[in-house]
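The values are calculated or read from the model by the stated rules, or taken from the named source; none is laboratory data. Being a predicted model, the structure only gives us computed values, none of them experimental. Cβ placement follows ideal geometry from the backbone for every residue including glycine, while neighbour counts extend to all protein chains displayed.
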Amino acid sequence: MMSTKKDEENFVWWVVKTKPQQEFKAEKHLNQQGFITFCPIFNKELKLGNQFTVKLQPLFKGYLFILANDFAQKNVNLIRSTRGINSMLKINETPLFVLPEIIHHLQLNQTQNQSLITPHFTAGSSVKIISGIYKGIEAIYQMDNGADRAIILLSLIQKQTELNLRKQDLQKT
């Protein structure tokens, strides 16, 4: 749930630790209870089996933010018992917080970069070919060549050669 500008100016944001891979579930349940939350996200290309897909991922794995407004301050016990929540981060007994300016900056960046995708492979990274005639050979990832293909740099007989392969035939090393 997004906050209003007035809310952001008047209150800090608490940091909440979620259970593994339950950021979205926890956020949904908190929102249903009336809390204002923010879970920064980005698009990431993932390899699932032999296919590549783009999925929304939390920017901070295992964490989300809750606006520490009057409602949240009166219902702290609900936060800790919400599905998907592990704990509130605290220093001594004081909840750890983030200033509204930082959250606003994260929200602005997320809005401006919502169409960007973080690739599974990055230029210059080492990859291993896992199928085909070059199986088992390591190479250097150069760039994507369409949605499903990649250009890699292979060193053969003291000469570097570019190859155009299916991304599903590559593995990070």
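Things worth noting here:
- Filter result (touching a strand residue (DSSP E or B) at 6+ places or on another chain (Cβ under 8 Å) and closer than 24 Å to residue 17 by Cα) within the range 103-113: 103, 106, 107, 110
- Subset of the range 2-14 (residues that are hydrophobic (A, V, I, L, M, F, W, C) and either at pLDDT 55 or above or surrounded by 14 or more Cβ atoms within 10 Å (Cβ to Cβ) (or both)): 11, 12, 13, 14
- For the range 17-37, the set of residues classified as in contact with a Leu (Cβ under 7 Å, 6 or more places away or on another chain) and among the polar types (S, T, N, Q) consists of 18, 33, 37, listed by residue number.
- Count of residues meeting criterion [part of a strand (DSSP E or B) and either over 14 Å from residue 52 (Cβ atoms) or out of contact with any strand residue (DSSP E or B) (no Cβ under 8 Å at 6 or more places or on another chain) (or both)] in the range 125-169: 20
- Only residues that are closer than 18 Å to residue 28 by Cβ and part of a loop (DSSP other than H, G, I, E, B) were counted in the range 57-103, giving 9.
- Selection from the range 114-173 of residues that are of a type in the set (Ser, Thr, Tyr) and within 30 Å of residue 39 (Cα to Cα): 115, 118, 122, 125
- Residue within the range 34-41 that is loosely packed, with under 14 Cβ neighbours inside 10 Å and either assigned to a strand (DSSP E or B) or without any contact (Cβ under 8 Å) to a residue 24 or more places away in the chain (or both) present: no
- Residue within the range 104-121 that is part of a strand (DSSP E or B), touching a Phe, Trp or Tyr at 6+ places or on another chain (Cβ under 6 Å) and surrounded by 16 or more Cβ atoms within 10 Å (Cβ to Cβ) present: no
- The residues on offer are 17, 28, and the sole one that is surrounded by 14 or more Cβ atoms within 10 Å (Cβ to Cβ) and not in a helix (DSSP H, G or I) is 17.
- Residue 113 satisfies every condition listed in (1) at pLDDT below 85; (2) outside the structural domain of residue 37 (by TED's automatic domain parsing) except (2).
- Residue in the range 127-146 that is surrounded by the fewest Cβ atoms within 10 Å (Cβ to Cβ), counting only those that are within 24 Å of residue 43 (Cβ to Cβ) and not aliphatic (A, V, I, L, M): 146
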